[in-house]
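The values are calculated or read from the model by the stated rules, or taken from the named source; none is laboratory data. Predicted, not measured: the structure shown is a model, and the values here were computed from it. Glycine gets a Cβ as well: all are built from the backbone with ideal geometry, and neighbour counts include every protein chain shown. Remember, those area values only see protein heavy atoms, side chains included, never the ligands or the DNA or RNA. Shrake-Rupley method; radii C 1.70, N 1.55, O 1.52, S 1.80 Å.
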2 protein chains.
Amino acid sequence: MVAATQKATHEQTKNHNKRLILKTIYDQPETSRADIARMTGLTRPTVSSNVAELIEEGLVEEIGQGQSEGGKPPILLSVVDDSRHLIAIDLADSEFQGAVVDLRGRVIHRECLPVNDSDGEAALQVVYELGDRLITAATRPLVGIGIGAPGLIDAQEGIVRKAVNLDWQDLPLRDWLKTRYGLPVHIANDGHVAALGEYIFGQVRKTPNLVILKVGRGVIAGIVLNGRLHYGDGSGAGEIGHVKVVEEGVLCRCGHRGCLETVTNSRAIVERARRIAESDPDSTLHYLASRLEAINLERVLQAFLAGDKTLQPIITEVGCYLGMAVAHLVGVLNVQCVLICGNVARFGEPLLQPIRQEMRQRSLAMLANQTYVGLSNLGQDIVLQGAAALLLANELGLV
Amino acid sequence: MVAATQKATHEQTKNHNKRLILKTIYDQPETSRADIARMTGLTRPTVSSNVAELIEEGLVEEIGQGQSEGGKPPILLSVVDDSRHLIAIDLADSEFQGAVVDLRGRVIHRECLPVNDSDGEAALQVVYELGDRLITAATRPLVGIGIGAPGLIDAQEGIVRKAVNLDWQDLPLRDWLKTRYGLPVHIANDGHVAALGEYIFGQVRKTPNLVILKVGRGVIAGIVLNGRLHYGDGSGAGEIGHVKVVEEGVLCRCGHRGCLETVTNSRAIVERARRIAESDPDSTLHYLASRLEAINLERVLQAFLAGDKTLQPIITEVGCYLGMAVAHLVGVLNVQCVLICGNVARFGEPLLQPIRQEMRQRSLAMLANQTYVGLSNLGQDIVLQGAAALLLANELGLV
């Protein structure tokens, strides 16, 4: 809106043009100055002077000659993928993950620190420790730090409004990290950045309308509309994990009963699996349960993938509930691409089938039939990739 | 996206500047050339020559002198509200409504034609008859024809993909009307244009994120995000009327059972009221029912507003179901302004109360507490106003 009602100043224009040129080079495997001029509508001298600056800064390089179209063969340009490093951090799970990645989101170095039951100040210290290690591991100039965090995150102000699991409230994490590291920092909800990661690095790259349903400890949807992340007025878009789906259901950590999260998150699956393991001798987890060994999501998943039939009803039921949620997403947004990610997505096709079936039975056929429901191929790195995408978008204009 | 990757040509720039200037004048009660230059960042000569053209075209007029800020007092400019007429058409209900309106959406002339059970070709003839009458009634140069229609409407292509009640399928209504009248025509779903109407002419004007829930014969949400109507990939955004809310519910015209529409639309209310009227002698409609007189929504509404307590449970139940839907809207979109419109909205506060209550019990408290649920003040004209807004947006760039 601002763009439409304000004429750009010279400095803004220059910056805009340079970003536009960098983005054009980034989006093509290889391109020439003439291509850029054609694609952007900018003049050749403007393209040339900006490309010279980008080469000078090491972000772009000349990679050889292209096909001649009559005259002198053009010199091809490409972004130098490892000319910068980005720090990407995922605070959504019981271990904090971090990575140094290059401009294409390729992981150069990883760090992982257990949070266990740390919260408040202690959890913050784990973030600092993670940040310190990653900064040390980076070997290129840093673009900044991108973070995906659970809960209500005000991305604009860089404040964690409320993260129940970490017992953080109104925590100005962005500014504290900025001060500590002297780098640009961007932070957003883990589901939100996951959607951005999918939009930039995923198999459905640049699909303008896209929903990522992240199902792990929490259940959250990340929504990209017209190529832009939809945060919501209170930073809470996609908080479908706390919409009631079971009347008189179990108590949720949000204070309500029967939220979607209570019947679909990793904890719900583990608890149901534990009950089955205890009571059903056919369960491959029965022996573990009787030995009081810990049954966790990883073990449930391994048992399920190995063919333990006693677990199928759990996954079917989780899929049905998720399918109800997807039906509402279809009804509200009519977005034709819905991808599931997060720990629970690892149950794969047996989880997708009931999701698809419920979606079709519970929403307008013409819309449901056009809606693809699948798995994200970014796997467990989706939030890291998304955190990197958040940085690329905000610092380099590459989204 | 196109705008960001293409440099504007001279002609586009000129057009863009003129629209920007018109919009600036339209958005202020009064403004001067200097104000416009300041607000748009355009040069004074550019502003002056474009304003001269707009005055020449009769769209803008000089309305006197403003306060001097030292030098010569500025000449104030204003849009001439009745310099153009717009034809607005609402095909969503059992009577087709049409109006000639001015540039502020004020109704100059109305027409209304019963559709009864006409469909297919017969219903199309009613549209033509309505169009003919409105064109005749207009007394100013016409901007064009804007239409809100029920069902899946491809606004980009101007095609009615599917309107069950009218038995229209893949009907190129825009092009047929363009050919018949030689005027620009724009068409979109009635719920979608209602949201646009609210955005331009409603009490929450220019609230960038906004949901209009239209409850009448159909139940549809119109969604404005970042000041733009969200149509959805298949033109079906907001089709929440066909999301299942009752397991094993009654058959819906969409082919599924238990859709939101089946328990909240005007027909559902009338049918329940009829059953109560027949069986409960306390019902003020009992006498009518025993006389086999038609019980319709209007009579139910009048009885309810006159204090008939037997109808309260119906309205409470309808409100509860709508509240469930609003909880999902809050969860998905986190839009803080949800307005109810359509025939059923006329039940007023007694309908709003259960909606608000269910929304709060069924979605994250922090988000629900920030969400305003109220009635649109555009009343029964909201689709007409929206159809006019659709034209203003597309033909004059005033949105």
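Within segment B:324-335, track down each residue that is under 21 Å from the mean Cα position of the chain (by Cα) and more than 7 Å from chain A (Cβ to nearest Cβ).
Of everything in segment B:324-335, those that are under 21 Å from the mean Cα position of the chain (by Cα) and more than 7 Å from chain A (Cβ to nearest Cβ) turn out to be B:A325, B:V326, B:V330.
Just a yes or no: is a residue in segment A:114-122 open to solvent by 10 Å² or more (accessible area, probe 1.4 Å) and of a type in the set (S, T, N, Q)?
Within segment A:114-122, one or more residues are open to solvent by 10 Å² or more (accessible area, probe 1.4 Å) and of a type in the set (S, T, N, Q).
Being open to solvent by 20 Å² or more (accessible area, probe 1.4 Å) and either β-branched (V, I, T) or out of contact with any Leu (no Cβ under 6 Å at 6 or more places or on another chain) (or both) is the filter here; which residues of segment B:225-234 pass it?
B:N226, B:R228, B:Y231, B:D233
Kindly indicate the residue of segment B:211-224 that is buried (at least 24 other Cβ atoms within 10 Å of the Cβ) and not β-branched (V, I, T) and also farthest from the other protein chains (Cβ to nearest Cβ) among those meeting that condition.
Checked segment B:211-224; the qualifying residue farthest from the other protein chains (Cβ to nearest Cβ) is B:G216.
Condition first: acidic (D, E) and crowded, with 18+ Cβ neighbours inside 10 Å. Now tell me which residues in segment A:235-283 satisfy that.
A:E239, A:E261
Filter segment A:75-96 down to residues that are part of a loop (DSSP other than H, G, I, E, B) and over 30 Å from A:N265 (Cα atoms), then give me how many there are.
Matching residues across segment A:75-96 total 5.
Pairs under 8 Å by beta carbon, first residue within 14 Å of chain A (Cβ to nearest Cβ) and closer than 27 Å to B:V326 by Cβ in segment B:255-283, partner open to solvent by 50 Å² or more (accessible area, probe 1.4 Å) and among the polar types (S, T, N, Q), six or more apart or different chains?
Going by the 8 Å Cβ cut-off, the qualifying pairs are B:H256/A:Q361.
Could you tell me how many of the residues in segment B:343-393 are in contact with a Gly (Cβ under 8 Å, 6 or more places away or on another chain), small (G, A, S) and either free of Cβ contacts under 8 Å to residues at least 12 places away in the same chain or open to solvent by less than 10 Å² (accessible area, probe 1.4 Å) (or both)?
Final tally of qualifying residues: 6.
Return yes when A:R180 is surrounded by fewer than 16 Cβ atoms within 10 Å (Cβ to Cβ), farther than 21 Å from A:G342 by Cβ and not β-branched (V, I, T) and no when it is not.
Answer is yes for this residue.
Which of the residues that make up segment A:37-73 are open to solvent by 60 Å² or more (accessible area, probe 1.4 Å) and within 14 Å of chain B (Cβ to nearest Cβ)?
Selection gives A:R38, A:M39, A:T43, A:R44, A:P45.
Condition check: away from chain A (no Cβ under 11 Å), charged (D, E, K, R) and touching a residue at least 40 places away in the same chain (Cβ under 8 Å). Does B:D175 satisfy that?
No; evaluated as a whole, the condition is false for this residue.
Give me a count of the residues in segment B:284-302 that are open to solvent by 70 Å² or more (accessible area, probe 1.4 Å), of a type in the set (V, I, T) and within 22 Å of B:Q380 (Cβ to Cβ).
Number satisfying all stated conditions: 0.
Here's a check for you: in segment A:287-303, which residue that is part of a helix (DSSP H, G or I) and either among the basic types (K, R) or at pLDDT 85 or above (or both) is farthest from the chain's Cα centre (by Cα)?
For segment A:287-303, the residue satisfying everything is A:A303.
I need a count of the residues in segment B:137-195 that are of a type in the set (S, T, N, Q) and part of a strand (DSSP E or B).
Total meeting the criteria: 2.
Take segment B:346-358 and flag every residue that is under 23 Å from the mean Cα position of the chain (by Cα) and either within 14 Å of chain A (Cβ to nearest Cβ) or of a type in the set (F, W, Y) (or both).
B:F347
Select from segment A:225-240 the residues that are facing another protein chain (nearest Cβ under 8 Å) and not in a loop (DSSP other than H, G, I, E, B) and write down the one among them that is nearest to A:C320 (Cα to Cα).
A:I240
What do you reckon, is A:A34 at pLDDT below 95, more than 14 Å from every other protein chain (Cβ to nearest Cβ) and outside any loop (DSSP other than H, G, I, E, B)?
Answer is yes for this residue.
Scan segment B:332-364 for residues that are part of a loop (DSSP other than H, G, I, E, B) and under 26 Å from A:I223 (Cα atoms) and report the count.
Counting residues in segment B:332-364 that are part of a loop (DSSP other than H, G, I, E, B) and under 26 Å from A:I223 (Cα atoms) gives 5.
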